[in-house]
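The values are calculated or read from the model by the stated rules, or taken from the named source; none is laboratory data. Computed from a prediction, not measured in an experiment: that's the story for all the values here. Neighbour counts run over all protein chains shown; Cβ positions are idealised from the backbone, glycine included. Ligands, DNA and RNA are excluded from the accessible area calculation, which covers all protein heavy atoms including side chains. Shrake-Rupley method; radii C 1.70, N 1.55, O 1.52, S 1.80 Å.
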Amino acid sequence: MIALRVLIASTRPGRLGLPVAEWATERAAAHGAYQVEVLDLAAIALPFLDEPNHPRLRQYTKPHTKRWSATIDAAEAFVFVVPEYNFGMNAPLKNAIDYLHSEWHYKPVGFVSYGGISAGTRGVQMTKQVITSLKMVPLFEAVQIPFVRQFMGEDGAFHPNEELETGMVAMLAELEKVALALRPLRE
Ligand SMILES: Cc1cc2nc3c(=O)[nH]c(=O)nc-3n(C[C@H](O)[C@H](O)[C@H](O)COP(=O)(O)O)c2cc1C
């Protein structure tokens, strides 16, 4: 099994990222190759980076950093569920990434992005630039949700169309391949 973590980037009260991530988590669990856990940045509640040392030194001084380091160490692959804020990534995601260094190395990322007309893709592009500096491997295959509100039901759940379901299957299949191929580099 591959230790997959679904990371919810939005911390906003009332965030649509939560129902989108619930769908992603369910599909990832149904895929069969993954041991899935959710990393909710709202619940993890990291303060703005407050460590004195560069994370490559791993000389962490704060309990929240040590916890976050162990959490990311245990992951082999990620699905990042990301909004687009002002044509870019949201700040809590950047902050959570900046906390660590080698914990991220050689781990693939499949994106599930959402927003207005751009489906969150400008946020994804910015995130890709950032994570490659940490030797993460972003996938081409992705789930891009335009005008995300159109898929929100009165029940508060996310109701994707067939294209989004197909995109999710393709992304999870590619993520499995890349996660397994990168295993020797992570060892
Ligand atoms: C601060 C802020 C900036 C936003 N900027 C964008 C944007 O640049 N492009 C876009 O498509 N949507 C933008 N939106 C709308 C979001 O796509 C929409 O509110 C979405 O639900 C945000 O994700 P969340 O609900 O998970 O926090 C923005 C929303 C917020 C709160």
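Listed by chain and number, the lysines whose alpha-carbon sits under 22 Å from that of Lys62, ignoring those within fewer than 8 places in the same chain, are Lys94. Relative to the 2.2 N^0.38 Å rule of thumb, segment 1-96 has a C-alpha radius of gyration ratio of 1.14. Excluding ligands, DNA and RNA, the accessible surface per residue across segment 1-135 is 43 Å² with a 1.4 Å probe. Working value for segment 117-187: equivalent-ellipsoid semi-axes of 28, 16, 10 Å, each the square root of 5 times a Cα gyration tensor eigenvalue, largest first.
Ranked by the mean number of other Cβ atoms within 10 Å of their residues, highest first, the peptides 164-172, 150-158 come out as 164-172, 150-158.
Of the three principal axes defined by the Cα atoms of the chain, the extents in descending order read 46, 34, 26 Å.
Counted as membrane-span-like here are DSSP H helices of the chain whose alpha-carbon atoms extend 18 Å or more along the helix's own axis and whose Kyte-Doolittle mean is -0.5 or above; these are 17-31, 162-186.
For every helix of n ≥ 4 consecutive DSSP H residues, a contribution of -39,500 (n - 2.57) applies; sum these over the chain, divide by its total residues, and give [θ] at 222 nm rounded to the nearest 500 deg cm²/dmol.
-12500 deg cm²/dmol
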